[in-house]
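Taken together, the values in this text are just the output of simple stated rules run on the coordinates, not laboratory data. None of these values were measured; they are calculated from a predicted model. When we count neighbours, we look across all protein chains shown, and the Cβ atoms used for this are built from the backbone with ideal geometry, even at glycine.
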Amino acid sequence: MDENIWPESGDFVVCAVKSVTDFGAYTTLEEFDGKEGFIHISEIKAGWVKYVRDHVREGQKVVCKVLNVDPSRRHIDLSLKDVNEHQKRAKIQDWKNEQKAFKWLQFVSEETGTDEEEMDKLKLKLLESFGSLYSAFEEAAINAEDAFNEVKMKKKLVSSIVSVAQSNIKLPFVDIAGFIDLNCYLPDGIEIIKEALNAGNDVDKEEGIRVEISYTGAPRYRIKVIAPDYKKAEAVLKKSATAAISTIEKLGGKGEFHRHNDTVKA
């Protein structure tokens, strides 16, 4: 990490306890290039603390809240008592995720033959665009190359990040399917059906929800929806089918929706 990057007051940080004294504990901040922080005895625990070692020990990993930062003195004041269990668990999980993402970026570097200097620039770009490295990979797992439409990156890096993300992140998504029958006997019927399918594919949906339409056999097409939960998936499936059927009927054809792949009657 850049030597000039410092945490801000109010941030939660993962620290390794470096040394314990009678009046507090010195730590190194794991996410900030080993910068040193100090937990005063009054910030160890709510109430009176007789022995600091009863609460922290050398080598222990702790989650602290940043109280004050003074880059000119290279000093960071920390609090252990201001972190509750929920905040501690959430921060530890974020830190573990970021460690994973850092390793995944190393895979990307090796796969694409990208040197260290360029990877450092890429890291900063991803942090600026997504807030964390893990978030960048998570977006890549959900939205593939589209996640980087607004980020200026080499195509080979984007492809590699998407590949690594989709191989390593298992998203809690569901997928459902329905079927539409589309018929149009006008001279330009094929083009009209294509227009109806495009309408079904282009419905408004939340970020991360995908619609895939495929041909299964005349006149049937399969609509597959991938979404975070069944309720959202069902809503988008209905919206997609309605858009396709409405479009083809407006242009002189006929359409019908089937939730399941029942046999089409002649």
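Where nothing but the Cβ of Lys and Arg (+1) and of Asp and Glu (-1) is charged, how large is the charge dipole of the chain around its Cα centre, in debye to the nearest 20? Please report the intermediate quantities before stating the final value.
On the way: 39 positive and 46 negative charges, 190 e Å.
Dipole magnitude for the chain comes out near 920 debye.
With all distinct Cα pairs included, what does the Kirkwood hydrodynamic radius of segment 12-83 come out to in Å, to one decimal, could you say? Working shown, then result.
On the way: mean 1/r = 0.0843 Å⁻¹.
Averaging 1/r across every pair of different Cα atoms and inverting gives 11.9 Å.
Check GLU31: other-chain or 5+ apart residues with amide H under 5 Å from its amide H, H built from backbone geometry?
Hits under the 5 Å cutoff: VAL14.
Given (i) 50; (ii) 29; (iii) 23, which label gives percent of Cα pairs over 31 Å apart as computed from the coordinates?
Label (i) holds the value from this structure.
Would you mind checking which residues have amide H under 5 Å from HIS55's amide H? H placed 1.01 Å from N; only 5 or more apart, or other chain.
none
Taking the Cβ of each residue in CYS64, CYS184 as the centre, tally the other Cβ atoms inside 10 Å and list the residues starting with the fewest.
Working: CYS64 28, CYS184 21.
Sorted ascending by nearby Cβ count, the order is CYS184, CYS64.
Given a Förster distance of 45 angstrom, what is the FRET efficiency for GLU145 paired with GLN87, based on the Cβ-Cβ distance and rounded to 0.05? The partial results should precede the final answer.
On the way: r = 35 Å, r/R0 = 0.77.
About 0.80, to the nearest 0.05.
With θ set to phi - 60°, apply the Karplus curve 6.51 cos²θ - 1.76 cosθ + 1.60 along segment 203-219 and write out the HN-Hα couplings as whole Hz, x wherever there is a Gly or Pro.
Per residue, the Karplus-derived 3J(HN,Hα) values read 5, 5, 8, 5, 4, x, 8, 10, 10, 10, 10, 9, 7, 10, x, 3, x Hz.
Looking at segment 52-140, which trypsin sites (Lys or Arg not before Pro) are in a loop (DSSP not H, G, I, E or B) and have at most 14 other Cβ atoms within 10 Å? Spell out each step's value before the answer.
Numbers: sites: ARG53, ARG57, LYS61, LYS65, ARG73, ARG74, LYS81, LYS88, ARG89, LYS91, LYS96, LYS100, LYS103, LYS121, LYS123, LYS125; in loops: ARG57, ARG73, ARG74, LYS81.
Listed in order of number, the matching sites are ARG57, ARG73, ARG74.
In Å, what Kirkwood hydrodynamic radius results for segment 174-258 from the alpha-carbon pair distances? List each step's numbers first, then the result.
On the way: mean 1/r = 0.0793 Å⁻¹.
Every distinct Cα pair counted, the radius reaches 12.6 Å.
Among THR27, THR216, THR242, which comes first, then next, by fewest other beta-carbon atoms within 10 Å?
Values: THR27 28, THR216 11, THR242 16.
Ranking THR27, THR216, THR242 by Cβ neighbours within 10 Å, fewest first, gives THR216, THR242, THR27.
Could you tell me which of PRO71, VAL225, GLY113 has its Cα farthest along the dipole of the chain towards the positive end, charges placed at Cβ (Lys, Arg +1; Asp, Glu -1), taken about the Cα centre?
Positive-most Cα among the choices belongs to VAL225.
Based solely on its DSSP helices, what 222 nm [θ] is calculated for the chain when runs of n ≥ 4 H residues each add -39,500 (n - 2.57) and the sum is averaged over all residues, nearest 500 deg cm²/dmol?
So the calculated ellipticity at 222 nm is -13000 deg cm²/dmol.
If you rank LYS35, LYS45 by fewest surrounding Cβ atoms within 10 Å, what's the result?
Numbers: LYS35 22, LYS45 14.
Taking fewest neighbouring Cβ atoms as first place, the list is LYS45, LYS35.
Among LEU124, ASN168, ASN97, whose Cα sits farthest toward the positive end of the charge dipole of segment 87-168 (+1 at Cβ of Lys/Arg, -1 at Cβ of Asp/Glu, about the Cα centre)?
ASN97
To the nearest 20 Debye, how big is the dipole of segment 87-168 about its Cα centre, given +1 on the beta carbon of each Lys and Arg and -1 on that of each Asp and Glu? Write down the numbers at each step before the final one.
Details: 13 positive and 15 negative charges, 73 e Å.
In debye, rounded to 20, segment 87-168 gives about 360.
Are there trypsin sites (Lys or Arg not before Pro) in segment 153-237 that DSSP marks as loop and that have at most 10 other Cβ atoms within 10 Å, and which are they?
Details: sites: LYS154, LYS155, LYS156, LYS170, LYS194, LYS205, ARG210, ARG220, ARG222, LYS224, LYS231, LYS232; in loops: LYS154, LYS170, LYS205.
Counting only loop positions with at most 10 other Cβ atoms within 10 Å, the trypsin sites (Lys or Arg not before Pro) in segment 153-237 are LYS170.
Subtracting the Cα-Cα distance from 0.36 nm times the residue separation, let me have the gained length for LYS154 to VAL49 in nm, one decimal. Could you put the intermediate results ahead of the total?
Working: separation 105, 0.36 × 105 = 37.80 nm, distance 5.44 nm.
That works out to 32.4 nm of additional length.
Just how large is the dipole of segment 12-83 about the Cα centre, in debye to the nearest 20, putting +1 at every Lys and Arg Cβ and -1 at every Asp and Glu Cβ?
Details: 11 positive and 11 negative charges, 36 e Å.
The dipole of segment 12-83 has a size of about 180 debye.
What are the ³J(HN,Hα) values, in whole Hz, obtained from phi via the Karplus relation 6.51 cos²θ - 1.76 cosθ + 1.60 with θ = phi - 60°, for each residue of segment 175-185 in sequence order, with x given for Gly and Pro?
In residue order, the calculated couplings are 9, 10, 9, x, 9, 10, 9, 10, 10, 8, 9 Hz.
Go through segment 153-233 and name the GluC sites (Glu not before Pro) that are in a DSSP coil and have 10 or fewer other Cβ atoms within 10 Å of their Cβ. Mind dumping the intermediate values first?
Numbers: sites: GLU191, GLU195, GLU206, GLU207, GLU212; in loops: GLU206, GLU207.
When the GluC sites (Glu not before Pro) of segment 153-233 are filtered for loop state and at most 10 Cβ neighbours within 10 Å, GLU206, GLU207 remain.
Amide H to amide H under 5 Å from GLY24: which residues, 5+ apart in sequence or cross-chain, H placed 1.01 Å off N in plane?
When sequence neighbours closer than 5 places are left aside, the close amide H contacts are ILE41.
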